[in-house]
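Here's the structure we're looking at; comments come further down.
Values in this text are rule-based calculations from the coordinates and carry no lab data. Only a predicted model underlies this, so the values are computations on that prediction, with no experimental measurement involved. When we count neighbours, we look across all protein chains shown, and the Cβ atoms used for this are built from the backbone with ideal geometry, even at glycine.
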Amino acid sequence: MLLGVNHKTAPVEIRERLAFSNDPGVPYRELKAIPGCEEFTFLSTCNRVEVLFVSSKGDETERKVRDFLFAGSMSYDEAGKYVYLYKGEEAIQHLFRVGASLDSMVVGEPQILGQLKDAYRTSSDQSCTGVILNRLLHKAFSVAKRVRTETAIGSSAVSISYAAVELAKKIFGNLKGKRAMLAGAGEMAELAAQHLLNQGIAEVVVANRTFERAVNLARCFNGKPLAFEELVPELAHVDILISSTGAPDLILHKEDVKPIMKKRRNRPLFLIDIAVPRDLDSKLNDLDNVYLYGIDDLNNVIDINKSERDKEAVRAERIVTEEVLKFMLWLGSMEVTPTIVALREQAQEICRDEISRTLANCKDLSPKDQKSIEKMASAISNKLMHHPILFLKGEDAPEDQRRKLAIFRKMFSLDSVSRQDNGESD
């Protein structure tokens, strides 16, 4: 099961209420204490908070996990307006899409895979994962690698914010070492900050009328928050300003920037206005070394790229669907009957190999003697398997049965997983 909230289901003011302790061990201790939460991993980013868990108690565990997420900040029913819950195949598909950045605010961005790997590493270190989630998370990593390798999902700008950063790259050639300021701390600013970091920007500064919002967004990107009154003076020290406030009037005029350019010694200043109505005075373009772009300029970039990105997204979704089906087959093999079949097939293969080696060195044996050796090997194999199979067929509670199957399959190496399949090469 997978329970969570993200940028699509909950606005930032709701996501801010899902704040967890600075002690990274606290969420894991709380989740471990939930009855029926047998395996789990916990992912918390600026844009999503999700708990992926294995449980034999279903609804009871889900209710406790939801209570954990909201920690009393709202009722169970109210929280239901913002959370999503996926079970079985749907949970697997959602995880694969998250890892492949198909569910991200910025489709194709690479950060989410690293965040997912960090979440898994912490869960594993805290002994919170087991045979199912270990396999599932490794598979999610390899699916993400396939999507990155086989598609160009992240190469085309299809959002206003992405197009803004692409234009900045054209002006400066390279954004490494540059400083950027965001005016506003809404969704557009979040997207822009994400894209800027992808391009190696040195620092992101956030100015917002509500200072707390500036602090929260800056924290997500290791940036610096500013009071809105500091916006104009700070222009002396940044290379890029991306403005996306909800102000009814202009927030920056030509007269504000003109003296700043003298302090900058005419070092280029790139201004991107993605607000509606506009934030920045169109006369700013009259100043030397000031480059002002608006939404209309950016839409031209987006229209060209959207059709390309849509084609890549179809290919990426096909890869996810294919890998979900593969994992469901493996999950089905965790049942008793497929495990017994796999054990018998393995034993027969070992018998065939060993008989073949033995008979190759016994050229003088008659066909009758060879048949006797084959029967003896088969009889030994069947007797050796008898008690392990009875052990497997024994009745246990669902969670005990799953653990027993996991240990049994590991003991007899019934799941041969390549390094690439495990994601270790990623």
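Calculated from the structure, Rg/Rh (Cα atoms, Kirkwood Rh) equals which of (1) 1.14; (2) 1.10; (3) 0.99?
So the structure-derived entry is (1).
Just order 342-352, 383-393 by mean Cβ neighbour count inside 10 Å, highest at the front, would you?
For the peptides 342-352, 383-393, the packing ranking is 342-352, 383-393.
Relative to the Cα centre, what is the charge dipole magnitude of the chain, using +1 at the beta carbon of each Lys and Arg, -1 at the beta carbon of each Asp and Glu, and rounding to the nearest 20 debye?
With only Lys, Arg, Asp and Glu charged at Cβ, the dipole is about 1120 debye.
Could you sort the peptides 260-271, 160-171, 361-372 by per-residue average Cβ neighbour count (10 Å cutoff), highest mean leading?
160-171, 260-271, 361-372
In angstroms, what radius of gyration and Dmax does the range 2-150 have, counting Cα atoms only?
Both quantities, over Cα of the range 2-150: 14.5, 44 Å.
Can you show me the helix-derived [θ] at 222 nm for the chain, built from DSSP H runs with n ≥ 4 at -39,500 (n - 2.57) apiece and divided by the number of residues, rounded to the nearest 500.
-17500 deg cm²/dmol
So how do Thr9, Thr337 line up by other beta-carbon neighbours within 10 Å, fewest first?
The most exposed by this proxy come first: Thr337, Thr9.
Is there a quick way to get the dipole size of the range 2-150? I mean about its Cα centre, with the Cβ of Lys and Arg at +1 and of Asp and Glu at -1; what is the value in debye to the nearest 20?
400 debye
For the range 2-150, what is the relative contact order in percent, using Cα pairs closer than 8 Å and at least 6 residues apart in sequence?
28 percent
At a 10 Å Cβ-Cβ cut-off, how would you order His253, His7, fewest neighbours first?
Least to most surrounded, the residues fall as His253, His7.
Relative to the first principal axis of the alpha-carbon coordinates of the chain, what is the inclination of helix 160-172, with its axis defined by its Cα atoms, in degrees from 0 to 90 and to the nearest 10?
The helix 160-172 is inclined about 70 degrees to the chain.
Where the centroid of each part is defined by its Cα atoms, how far is the range 185-212 from the range 75-96 in Å?
Taking the Cα centre of each part, the range 185-212 and the range 75-96 sit 28 Å apart.
Could the peptides 329-335, 200-206 be put in order, highest first, of the mean number of other beta-carbon atoms found within 10 Å of their residues?
Ranking, from highest mean packing down: 200-206, 329-335.
Which cysteines does the chain leave without a neighbouring Cys Cβ under 4.7 Å?
Within the chain, the cysteines lacking a partner Cβ under 4.7 Å are Cys37, Cys128, Cys351, Cys362.
List the residues whose amide H sits under 5 Å from the amide H of Leu226, counting only those 5 or more places along or on another chain, with H placed 1.01 Å from N in the peptide plane.
Correct list: Val206, Ala207, Asn208.
Looking only at the chain, where both bridge partners belong to it, what percent of the DSSP beta bridges are antiparallel (to the nearest 5)?
Just about 40 percent of them are antiparallel.
Could you tell me how many degrees, from 0 to 90 and to the nearest 10, lie between the Cα long axis of helix 89-99 and the main elongation axis, the longest principal axis, of the Cα atoms of the chain?
That works out to roughly 50 degrees.
Sequence gap at least 6, Cα distance under 8 Å: using those rules, report the relative contact order of the chain to the nearest whole percent.
In percent, rounded to a whole number, it is 14.
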